[in-house]
1. Using only alpha carbon pairs under 8 Å that are at least six residues apart, calculate the relative contact order of the chain and give it in whole percent.
2. Are there GluC sites (Glu not before Pro) in region 46-91 that DSSP puts in a loop and that have at most 11 other Cβ atoms within 10 Å, and which ones?
3. Under the definition of Cα pairs under 8 Å and six or more residues apart, what whole-number percent is the relative contact order of region 15-74?
4. Output ³J(HN,Hα) for region 105-111: one whole-Hz value per residue in order, computed from phi by the Karplus curve 6.51 cos²θ - 1.76 cosθ + 1.60 with θ = phi - 60°, and x for Gly and Pro.
5. Can you give the convex hull volume per residue for the Cα atoms of the chain, as a whole number of Å³?
6. Could you give each residue of region 224-230 its phi-based ³J(HN,Hα) in whole Hz, using Karplus coefficients 6.51, -1.76, 1.60 with θ = phi - 60°, and x for Gly or Pro?
7. Stokes-Einstein at 4 °C, 1.567 mPa s, Kirkwood radius from Cα pairs: D for region 195-243 in µm² s⁻¹?
8. Which entries in the list Lys62/Lys241; Lys113/Lys145; Lys62/Lys97; Lys62/Lys113; Lys113/Lys140; Lys62/Lys140 go over 27 Å, if you measure between the two C-alpha atoms of each?
Amino acid sequence: MQLRYAFRLEPGPGQRVALARAFGCARVVYNDAVAARERARREGAAFPSAAVLSKTLITEAKRSPGRQWLSEVSAVILQQALRDVERAYTNFFSSLKGSRPGARVGAPRFRSKRDARQAIRFTANARWKITGAGRLLLPKIGEVKVRWSRTLPSVPSSVTVIRDAAGRFFASFVVETDPDADLARMPEADSLPSVGIDLGLTHFAVLSDGRVIDSPRFLRRAEKKLKKAQRELSRKQKRSKNR
């Protein structure tokens, strides 16, 4: 069984620039592939295969003046962007035919640098690794600090680096686990004590054994940060460089 384990990343200033470059290159290749498929659809031609797209959009594009900067990132994340396009179209056509369970899936759309979520994926052949010091070594990015909150049960097969809408970075590892071993690590349900939970407004939860869990108050903390930022903005002159 495959499971995902996500951990917070703390890249340095230079690594943030390198990650932004990698996100951008993967996004460009993804959009170029979608454009090629849509162009073939309008012209009534056969969809270009993954091998053709890889040759034209990656190998040959790196030699062109307008796409030379694709060489500055790992080729693996560019190949994964093409695989994402193939999977998106497969899901779309399966949804149209009714052979895909779940909600209807729309046609692949172009990605934007303004999207809330940016992601790149490194597979095993990208030669990434977890160093002895516990850092995540990514090709052409470097050793990134990881906030380990638990131990991985096995060696990961791939890692996806994600930047969310708040600008935070995460590493999502895919690991293979043994279902029998997972069950052996879990305690028996009958041996666990039962407890009632009462959710409220003053407190996040009150348990039947008397324990009280305070509310995290995310909104209150965000309002204080916003108030401070608005005060700083009000002191800046309009059309100034610092505004």
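Every read-out reported here was derived from the displayed coordinates using simple, explicitly stated rules and does not represent laboratory data. Being a predicted model, the structure only gives us computed values, none of them experimental. Note that each Cβ is placed from the backbone with ideal geometry, even for glycine, and that neighbours are counted across all protein chains shown.
1. 22 percent
2. Taking region 46-91 and a limit of 11 other Cβ atoms within 10 Å, the loop GluC sites (Glu not before Pro) found are Glu60.
3. Normalised by residue count, the contact order of region 15-74 is 35 percent.
4. Residue by residue, region 105-111 yields 10, x, 5, x, 10, 6, 8 Hz.
5. 248 Å³
6. The phi angles translate into 5, 5, 5, 4, 5, 5, 5 Hz.
7. Calculated translational D: 94 µm²/s.
8. Over 27 Å apart, Cα to Cα: Lys62/Lys241; Lys62/Lys97.
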